[in-house]
Amino acid sequence: MTDTQWPRYMVFQQEGPDQPVVHNGTVHAPDAELAMLNARDVFVRRPEAVALWVVPADAIFTQTQEELAKNELAGEASGYRVEYYVFGKFAQQAQCRQIGQVAASSPQTAVQAAIAAFPDQQPLWWWVLPISAVRKSESTQAESMFLAARYKTFKDQAEYPVVSMMRQLRDKGKLG
Amino acid sequence: MYGADVEQIAIQLNEDPQKLADFEARIARGEKIEPGDWMPAEYRRQLIRMISQHAHSEVVGMLPEGAWITKAPSLRRKLILLAKVQDEAGHGQYLYHAAETLGATREEMLDALLDGKAKYSSIFNYHTTTWADNGAIGWLVDGAAILNQTMLARCSYGPYSRAMVRICMEENFHRKQGQEMIILYSQGTPAQRAMVQDAITRWWWPTLMMFGPHDADSPNSGVLIRWGIKTRTNDELRQEFINQLVPDLQACGIVLPDPDLHYDEASKNWRTGPIDWDEFWAVLKGNGPANAERMAARRQAHADGQWVREAAAAYAAKSQIQ
């Protein structure tokens, strides 16, 4: 299968200032800048975001509990350490969410560092991604990117009181 | 075949019996199957078929309503319709992404659609001839889609199920804006009432066909239900839809185009007359009222976007050099 597609970017979204960053889906784009614009169009058509991240899909390293149980623990190699964001998926239906960050010299050792740093977390799988691979929405652009959706209340199903409208119709029918 | 035990099925599908048994046990425990997990080739094939058809339906589904954006009767209705059509584009994206997690590429899925090889929901091959059709599509067509999608939100494949949860939330806005429109017009001027009656008359039967053939004639249902992709049959979903819609449409004073429609006290179900399956198969095979027009519009849109894709790729290449 020849792959002439644009690269895949993972999209992460933060719904409120006190909410964790969660994985939402993917977009295809020729570069991170357009990935960000695509992500905004696809995932933020409703007022549920204060920040968006896009990360090249191949920059994310995944380790499941099953894989961890099988693998021998890799020791921390001596080498140049960089910062990684740590994510975990905690339930079958849940989205992967941010746990914290660690410094490590490889993705494999970053997972080990995460297990040591967050002993009370037991995700079904871990994701680690180098902070340098993440492109984040600019806080100065948050208003133009996310605020407009807040006033489009007609996208909310609660705007349409069809249940009470039907009840009124039936009551009218009974009287008539 | 799919009522058979796991060993027989493993032989027929040429799968490892132990792996297949473990896989089916996971589904029985209510676990979600995720992209990297082992799955039978037939499970993967069926999911790619369903999810890509579903994605195509969202994309082609933009066309019948999109035609009315410039003709909406008020600014409010125009904003609603714009947002709705934009949602359908987004739903297509979520679904293509879900299919990609199974190894299908965007390119081959789009090619299959543009070459006329891929199916999409037959309902979008009917014309929207009056403004009230947008209300009928919202209440009937999106209402029928929601029943199917609510079931799929519980399906055994994780990415498909998560995409469906999101889509269902947004589709409820689509359904309710349509229902609101039909209720209001059904109580409006004589011209509005006639327009609504005409729209429901034309969309009623095609909507009932959306649930697919009767269970006895539905070749994929067995395996889809066995592996937790579908948890209810076409006829079950169709009956639930009919039971929901008939009393509400009648309360609006709308007459349904079915002389055989009656309430069956014994089963507490509304019973319709026979569905014209010849029409269903004809539309599905490409001979519906608008098939050619829809495909022409899709190909045109794809061709019109070519320069945008080229420009974006050239810009990315240039930025990398700098």
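For segment A:38-176, what % of the accessible area comes from carbon and sulfur atoms, probe 1.4 Å?
Here carbon and sulfur together make up 51 percent of the probe-accessible area.
Using only protein heavy atoms and a 1.4 angstrom probe, determine the accessible area buried between B and A, summed over both sides, in Å² to the nearest 100.
3500 Å²
List the residues of segment B:121-161 whose backbone N lies under 18 Å from a point placed 7 Å from the Cα of A:Q157 along the Cα-to-Cβ direction.
Residues passing the 18 Å test: B:135-155, B:161.
With each label point set 7 Å from Cα along the Cα-Cβ vector, what nm distance links B:H262 and B:W307?
Computed distance between label sites B:H262 and B:W307 equals 6.3 nm.
Sorted by accessible area with a 1.4 angstrom probe, largest first, how do A:E83, A:E66 fall?
Per-residue accessible area, sorted high to low, gives A:E66, A:E83.
Express in Å², to the nearest 10, the accessible area of A:V50 obtained by rolling a 1.4 Å probe over the protein heavy atoms while all chains stay in place.
We get 50 Å² for A:V50.
So which residue, out of B:G188, B:G135, B:G143, gets the largest mean-square fluctuation from a GNM of chain B using Cα contacts under 10 Å as springs?
Evaluated over chain B, the most mobile residue of the options is B:G188.
For segment A:114-130, in order, what is each residue's ³J(HN,Hα) by Karplus, 6.51 cos²θ - 1.76 cosθ + 1.60 with θ = phi - 60°, in whole Hz (x at glycine and Pro)?
So the Karplus estimates, Gly and Pro as x, are 5, 4, 6, 6, 10, x, 8, 9, 10, x, 5, 8, 9, 10, 10, 9, x Hz.
Cut-off 14 Å, label point 7 angstrom out along Cα-to-Cβ of B:E108: give me the residues of segment A:5-29 whose amide nitrogen falls inside.
A:5
Please state, to two decimals, what the Cα-based radius of gyration of segment A:131-172 comes to when divided by 2.2 N^0.38 Å (N = residues).
Rounded to two decimals, the normalised Rg is 2.18.
For the charge dipole of the protein assembly as shown, defined by +1 on Lys and Arg C-beta atoms and -1 on Asp and Glu C-beta atoms about the Cα centroid, which residue among B:Q320, A:L124, B:S186 has the Cα displaced farthest towards the positive pole?
So the residue furthest toward the plus end is B:S186.
Taking a label point 7 Å from the Cα of B:D217 along the Cα→Cβ vector, which residues of segment B:267-291 have an amide N closer than 14 Å to it?
B:274-285
Using a Cα-Cα cut-off of under 16 Å, which aspartates and glutamates could be cross-linked to B:K84, ignoring same-chain neighbours fewer than 8 residues away?
Cross-link targets: A:D41, A:D156, A:E159, B:E58, B:E65, B:D133, B:D142, B:E170, B:E171, B:E180.
Tell me the per residue accessible area of segment B:1-137 using a 1.4 Å probe; a whole number in Å² is fine.
Each residue of segment B:1-137 exposes 41 Å² on average to a 1.4 Å probe.
Per-residue accessible area for A:C96 at 1.4 Å probe radius, Å² rounded to 10?
Estimated to the nearest 10 Å², A:C96 gives 10 Å².
Hey, which of these cross-link pairs are over 28 Å Cα-Cα: A:K172/B:K268; A:K152/B:K32; A:K152/A:K174; A:K136/B:K318; A:K70/B:K19?
Too far apart for the 28 Å limit: A:K152/B:K32; A:K152/A:K174.
Treat each spin label as a single point 7 Å out from the Cα along the C-beta direction, and report the B:Q250 to B:W38 distance in nm.
Each label point lies 7 Å from its Cα, and together they span 5.4 nm.
If you take the beta carbon distance between B:A191 and B:Q86 as r and set R0 to 25 Å, what does 1/(1 + (r/R0)^6) give as a FRET efficiency, to the nearest 0.05?
With R0 = 25 Å, the Cβ-Cβ based efficiency is 0.25.
Quick check: residue separation of A:T64 and A:E138 times 0.36 nm, minus the Cα distance between them. What number comes out in nm?
Roughly 23.4 nm would be gained on extension.
When the convex hull of the C-alpha atoms of chain B is computed, what volume per residue in Å³ does it have?
Residue-normalised Cα hull volume stands at 164 Å³.
The values are calculated or read from the model by the stated rules, or taken from the named source; none is laboratory data. The model shown is predicted, which means the values in this text are computed figures rather than measured ones. Here the Cβ is made from the backbone with ideal geometry for all residues, glycine too, and neighbour counts use every protein chain on show. Heavy atoms of the whole protein, side chains included, go into the accessibility calculation; ligands, DNA and RNA do not. Shrake-Rupley method; radii C 1.70, N 1.55, O 1.52, S 1.80 Å.
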